[in-house]
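Right, one structure below, let's go through it.
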Amino acid sequence: MSDRISEFGGMMMYEPVGGDIDIEERRKRILDLLQRDGKVKVTDLSKLFGTSEVTIRGDLDGLEGQGLLQRVHGGAISNYKNYYNMTFHDRTETNEEEKRRIATEAASMISDGDTVIIGSGTTPLYVMRELKNHKNLIVITNSLPVAHEAGFNRNLNVVIMLGGTINLQYGFVSGDDAINQLNRYKADKLILSSDGVSSEFGVTTYHHLEAELYRRMIALADQRILVADYTKIGRANFARIEDIDKIDCLVSNHNANKDEIAAIKEKGVEVRIV
């Protein structure tokens, strides 16, 4: 049993799923499509799953009742804010395989002896785990989970945890104290994640308190590496960090929006797809 998705004339075309599929699996696949595309149509889903539009509307209504999407005329759109209501642990497990692949590629760009700024978020945490065999790194971070993970790495030279105002829910430090401390340093590489990556709106974040700190990280690093899984590509969030051309390299997944990836490349950004 498989489902296949192709593009035709710029539109997503869904080929029918073969075999029987239960309600839970169907709803899970609907959420997967929403994560990737940001929206779904009742008519497309009905054809994809070989079931009635009434059944699909029931699925969408049920998922909306759980706060997992927002119903609109003819379909539904992603309720991405639900992601930020998860615990950090749950967000770490969301799109875990995609994040691991991104982390492996990003870690390959780090050399022994580098000074690396690592921002907050779940994908940078995976990058930190992939640096276990690197030697003599200096790591600067505003992320409590990243700093904790770095504490288990005996190959590191120095770990600097920025001081400032702690956001306990999301595990990061921000504010003037963190920025003032960060200004003392210069880095070879930056590993940065974001909540939105757009050729038009640039790099954006859900957390406006982090935006200024991220701007300083970008300014202080020689090579800026943005790690963002496919669900972030083409999105624009509340607080703008920088234009996309301030990033040297974007690492994302093969199923990221192809038009958006092409537009980002046109801005002069190296894009690595994993």
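A few remarks follow.
- Qualifying positions in the range 240-259 - open to solvent by 10 Å² or more (accessible area, probe 1.4 Å) and within 23 Å of R216 (Cβ to Cβ): R240, E242, D243, D245, K246, D248
- Residues of the range 187-206 satisfying the condition of being open to solvent by 30 Å² or more (accessible area, probe 1.4 Å) and within 19 Å of P124 (Cα to Cα): D188, Y206
- Those residues of the range 1-56 which are modelled with pLDDT of 50 or more, closer than 25 Å to A262 by Cα and hydroxyl-bearing (S, T, Y), in sequence order: Y14
- Meets criteria (more than 24 Å from D114 (Cα to Cα) and surrounded by 17 or more Cβ atoms within 10 Å (Cβ to Cβ)) for Y170: yes
- Test: residue in the range 260-271 that is in contact with a Cys (Cβ under 9 Å, 6 or more places away or on another chain), more than 18 Å from G119 (Cα to Cα) and either open to solvent by 10 Å² or more (accessible area, probe 1.4 Å) or polar (S, T, N, Q) (or both): yes
- For the range 191-209, taking the residues that are closer than 15 Å to N257 by Cβ and hydrophobic (A, V, I, L, M, F, W, C), the one that is farthest from the chain's Cα centre (by Cα) is identified as F201.
- Count of the range 118-158 residues which are open to solvent by 20 Å² or more (accessible area, probe 1.4 Å), touching a Gly at 6+ places or on another chain (Cβ under 7 Å) and under 19 Å from K186 (Cα atoms): 1
- Here N180 fulfils each of the conditions (1) at pLDDT below 95; (2) surrounded by fewer than 16 Cβ atoms within 10 Å (Cβ to Cβ); (3) of a type in the set (S, T, N, Q) apart from (1).
- Some residue of the range 161-177 being in contact with a helix residue (DSSP H, G or I) (Cβ under 8 Å, 6 or more places away or on another chain) and under 19 Å from K246 (Cα atoms): no
- Meets criteria (touching a residue at least 24 places away in the same chain (Cβ under 8 Å) and within 20 Å of V159 (Cβ to Cβ)) for Y206: no
- Hits in the range 34-66 - residues which are among the polar types (S, T, N, Q), open to solvent by less than 70 Å² (accessible area, probe 1.4 Å) and outside any helix (DSSP H, G or I): T51, S52
- Residues of the range 218-232 classified as buried (at least 24 other Cβ atoms within 10 Å of the Cβ), over 18 Å from A107 (Cα atoms) and either aliphatic (A, V, I, L, M) or without any contact (Cβ under 8 Å) to a residue 24 or more places away in the chain (or both), total: 0
- Restricting I140, I160 to those that are within 22 Å of V203 (Cβ to Cβ) and more than 18 Å from the chain's Cα centre (by Cα) reduces the list to I140.
The values are calculated or read from the model by the stated rules, or taken from the named source; none is laboratory data. The structure displayed is predicted, hence computed values, not measured ones. Counting neighbours? That spans all protein chains shown, and the Cβs are built from the backbone with ideal geometry, glycine included. Ligands, DNA and RNA are stripped out before the accessible areas are found, and what is left, the full protein with its side chains, is counted by its heavy atoms. Shrake-Rupley method; radii C 1.70, N 1.55, O 1.52, S 1.80 Å.
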